[in-house]
1. Filtering segment B:66-80 down to residues that are in contact with a helix residue (DSSP H, G or I) (Cβ under 7 Å, 6 or more places away or on another chain) and part of a strand (DSSP E or B), which residue is farthest from the other protein chains (Cβ to nearest Cβ)?
2. Filter segment B:281-299 for residues that are away from every other protein chain (no Cβ under 14 Å) and at pLDDT below 70; which is surrounded by the fewest Cβ atoms within 10 Å (Cβ to Cβ)?
3. Looking at B:His63 and the list (1) within 14 Å of another protein chain (Cβ to nearest Cβ); (2) more than 25 Å from the chain's Cα centre (by Cα); (3) on the phi < 0 side of the Ramachandran plot, which single condition is not satisfied?
4. Which of the residues belonging to segment A:250-287 are within 15 Å of the ligand (Cβ to nearest atom) and surrounded by fewer than 21 Cβ atoms within 10 Å (Cβ to Cβ)?
5. Tally time: how many residues in segment A:115-128 are within 17 Å of A:Val68 (Cα to Cα) and within 16 Å of the ligand (Cβ to nearest atom)?
6. In this structure, is A:Met230 touching a strand residue (DSSP E or B) at 6+ places or on another chain (Cβ under 8 Å) and either of a type in the set (Phe, Trp, Tyr) or within 16 Å of the ligand (Cβ to nearest atom) (or both)?
7. Test B:Asp383 against the stated conditions and say whether it is at pLDDT below 90 and not assigned by TED's automatic domain parsing to the domain that holds B:Glu103.
8. Please determine whether any residue of segment A:207-221 is at negative phi, assigned to a helix (DSSP H, G or I) and within 16 Å of the ligand (Cβ to nearest atom).
Amino acid sequence: MAQGEIVAGCLAPHPPHLVYAENPEQNEPVAEGGWEQLRWGYERLRDSLNGIEYDAIVILSPHWQTYVGTHFLGLENFQSLSVDPIFPNLFRYHYDMNVDVELAQQIHDKAGKAGLTVKMMTNPDFRVDYGTITTGHMFRPQWDKPLVVISSNRSSAYYSVEVMQEMMMELGKATREAILESGKKVVVLASNSLSHRHFTTESEIPEDMSKEHITSHAMHLWDMRIIDYMKSGQCQRIIDEMPEFTEQAIAETDGGAFTWLLSTLEVPNYPAILHGYGTIIGTGNAIVEWPVYKHKEV
Amino acid sequence: MANGEIVESFVVPVHPHTVLAPEQNEGWGRLRKAYDDAAKIIQDSGADLLIIYSTTWPSIIGHQIISDPNPEWVMVDHDFHELGSIHYSFNIDVEFAEQWNAENKSRGLQSRCVNYHGFPIDVGSVVALTLLNPDNKIPAIIVSSNVYADRSETTVLAKACRDLVKRTGRKAVAITAMSLSNRMFTEHIDPKDDRIHSLKDDEWNQKILEFLSEGRLEDVGQLSRTIQQQIRVQKVVNFKPMWWLSAMNDNRNNLTGKVLAYEGIHGAGCAVVNLNPTPSGFGDKEYDEDDVEIFTGERGVLDSNVEQESKVETSEGPALWEPTKAEGSVNTDAAPKPVGAYPHARRVGDLIYLSGVGPRQPGTNEIPGGPIHDNSGKPLNYDIKEQTHAVVNNIARILEEAGSSLDKVLDVTSFLVDMDRDFQGYNEVWAETLGKVGPTRTTLAIRALPTPIAVEMKVIASV
Ligand SMILES: [Fe+2]
């Protein structure tokens with residue numbers, strides 16, 4: 001069997017506002033658009049990967065929060081209605097997604113061997129979190145590729161961002177090794193915002209873009225700093241500054257997805273492509289691609 | 001109007017083990033037994049409403065209240081999915097939910113009702129309602145925990161609810177779905193090995209339970225920040241349920257408390273505690289924080305544009321005056337400042353005469369339901385029901401200050417600036433509030449009021 005590979009890695013945020021604004025048939029509420037900068041960013045990301053072949057998508061979303069280790073969806077198909085518990089006015093999405101259980105099991109086994117606490121999720125009544133669904137939809141609305149869905153182990157809450165990073169670096173390595181051994185071509189997605197301070201009010205028309213901006217200048221500076229590192233191929237610095245960034249920008253990186261992503265890509269030192277940046281209810285969100293396919297070692 | 005009250009209060013654990021696997025561990029079994037005993041206490045109390053504040057339902061835009069009359073779905077825990085699924089079908093008191101929501105808004109809180117098919121009721125609420133209200137006999141209310149809320153916001157949320165319970169004559173049970181220490185084992189364990197995660201967590205839990213068993217709820221409330229630091233892992237929602245539960249019980253320290261069970265679930269400190277309003281011996285509080293009635297904002301990141309807009313709107317009205325203080329005058333910070341030289345109320349013998357009361361909010365001067373026109377006089381869309389609710393709440397606060405209450409109102413003269421548009425909405429709110437008290441009433445249409453409001457009431461009450 002040919003060696004598997006990660007063809008691309010992406011930072012692919014999941015505020016439900018993006019799906020809401022797209023008005024796909026699966027989502028019940030209707031919007032008058034909104035958050036175009038980010039939606040166009042997703043469009044550019046999709047275009048950029050158009051023509052690149054892959055077999056599966058691996059997502060880590062901060063909204064399947066597990067406190068007892070890392071969990072993996074372990075059944076072939078999940079169908080239900082996902083209602084966002086925080087923005088139910090915006091997101092009531094009918095999903096039907098297929099899971100690459102074989103690959104999930106392989107990553108699970110590899111991570112378990114590396115000493116991480118892991119578990120397969122095989123309860124058919126389980127409702128997939130809205131973060132996974134939003135990222136899944138925005139990245140590939142056709143839903144025609146099987147997913148591997150990994151939970152967000154909240155070790156940053158139990159210990160510290162440093163310990164979380166150690167564990168997520170390990171999980172990233174295990175993910176990478178399992179993918180290479182699987183013989184499959186895979187895209188990995190970290191589903192998280194950058195700075196993560198929300199407004200505590202919502203405008204009457206949620207998609208009223210005259211009301212949308214970053215919550216504070218400090219948040220903006222942090223987001224730009226992280227984006228600069230990504231664009232200039234200095235991902236090790238992101239890892240190094242992650243504890244500060246996570247604390248000061250209340251960044252959603254506390255869920256571990258971003259660290260895990262960088263680890264699956266072996267902490268890239270080549271420039272990432274920034275497809276878009278924008279704020280959603282005050283939080284900072286970037287859509288970024290690491291085009292591994294362009295940097296393949298010969 | 002009948003005086004409602006909180007007839008019982010409970011602290012209950014959130015994890016699904018008590019529903020799905022009580023037989024797998026003796027401690028889980030004892031928690032289940034305590035849950036069943038709590039259900040019995042509730043049944044015997046004659047309660048007609050269960051109010052759940054759930055720490056496993058975080059919210060960002062203020063607080064959310066379930067208003068789906070019959071939420072139904074299947075709940076699977078994010079961590080403990082292997083234990084199975086809980087099918088739920090609950091009976092929600094929609095009218096109370098909507099009233100509480102309006103009440104929250106009139107006190108400066110962000111608040112909204114949630115009524116969507118398939119909304120995922122959180123694990124804590126599902127477990128609590130499944131076990132405490134097994135046949136759904138008693139209608140329930142579920143409210144979220146705001147991620148950013150601190151003490152004052154959480155306290156005001158509770159007071160809005162508590163006053164509504166009193167005003168509407170309900171016999172309510174206040175329930176917080178929560179853990180004490182919340183550190184769980186980070187590895188999978190054999191159920192029979194379950195215990196509290198550490199001795200330190202255990203000792204703190206015991207201390208909290210000692211206080212609660214002595215009925216010292218407000219003391220635990222005042223220790224909330226310390227408890228958060230000592231035995232709480234920084235999960236999504238901080239330790240704030242004791243603020244809510246204490247305010248639901250008038251911030252008292254002399255309740256009658258009983259710990260029905262205390263055990264570990266996957267390491268977390270889980271207890272079923274019953275607090276009954278019967279006074280016990282520990283009435284004193286060592287100190288008190290602000291006894292806040294109205295939320296004026298403390299989170300520091302409110303959308304600055306929004307804040308400025310509302311300031312501009314309210315700064316251009318007539319000047320505000322300090323209330324006058326002639327003999328028998330009754331004035332309170334809990335009511336909006338006068339727009340001239342007069343007091344909020346004046347007492348003569350057993351009668352209290354109120355100056356005209358509008359919906360403006362004390363402190364912020366905001367108008368719930370929105371002003372009727374902007375500064376340039378351009379008409380704005382406003383909500384007469386919210387304005388009317390706010391008027392009634394202001395009246396209640398002034399009467400309370402005067403040693404009276406809403407149920408002693410004798411005569412009301414109401415002024416509406418737009419009878420055609422607003423009479424129906426005004427009349428609906430009247431029916432569910434003062435209408436139940438039964439004062440005489442006269443309603444007049446007038447051209448304008450001094451501030452951009454649509455309704456004002458002139459009240460006479462007895463002491
Ligand atoms: Fe998120």
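1. Ranking the qualifying residues of segment B:66-80, first place goes to B:Ile66.
2. By that ranking, first place goes to B:Tyr287.
3. Answer for B:His63: the failing condition is (2).
4. The one that is within 15 Å of the ligand (Cβ to nearest atom) and surrounded by fewer than 21 Cβ atoms within 10 Å (Cβ to Cβ): A:Ile250.
5. 0
6. Criteria not met by A:Met230.
7. In short, no.
8. yes
The values are calculated or read from the model by the stated rules, or taken from the named source; none is laboratory data. If you're wondering where the values come from, they're calculated on a predicted model, not measured in any experiment. Reconstructed Cβ throughout: ideal geometry from the backbone, glycine too, with neighbour counts over all protein chains shown.
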